[in-house]
1. How would you rank 36, 3, going from fewest to most other Cβ atoms within 10 Å of each one's own Cβ?
2. Would you calculate the separation in nanometres between label points at residue 19 and residue 48, each defined as 7 Å from the Cα along the Cα-to-beta-carbon direction?
3. Does the range 16-83 classify as rounded, prolate or oblate by the C-alpha gyration tensor (a ≥ b ≥ c root eigenvalues; a/c under 1.5 gives rounded; else a/b over b/c gives prolate, otherwise oblate)?
Amino acid sequence: MDRPALATAFEALRSPIEQSIADIWQVALGINNLGRHDGFFELGGHSLLLIQIIARLKKRFSIQVKMADLFEVTTIAKWAEVIGEPEIIQQSPILPTDGAKNGALAPGQSHYSDLPPVVALKLTDFELVDLTTIEA
């Protein structure tokens, strides 16, 4: 179903976070083409749908939701503000050492050479105990 006529003018989504929130709302509400300032309750949302949406938002964005947010944060744009932009962590690439071609360890891996070799074990290497025949 397309977006119903609302008092709020349609404004397109602006960010990937807003799009993710809109995707969750669209599934729950069954409405396409949501705007960033469309009100959840104006779109026909109710408290049971709100609980489902909050659960999906918490799972998708790993956020904690305050009880006050449930009825105060009612648009996609406001939810995007609450969630915020994800923090992008820049990691430096792992580069091979000069000796990596011949199997040498990188400087941070040198302590691994002191470990004993890994031994593969088979199920037959263990004695199995039958606990079902224990008498009191």
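Coordinate-derived values only; no laboratory data. Note that the coordinates shown come from a computational prediction; the quantities given were computed from them, not determined experimentally. Heads up, the Cβs are rebuilt from the backbone with ideal geometry, glycines too, and the neighbour counts pull from every protein chain shown.
1. Values: 36 21, 3 15.
In order of increasing Cβ crowding within 10 Å: 3, 36.
2. Calculated label separation equals 3.3 nm.
3. Details: a/c = 1.34, a/b = 1.16, b/c = 1.15.
Since a/c stays below 1.5, the shape of the range 16-83 is classed as rounded.
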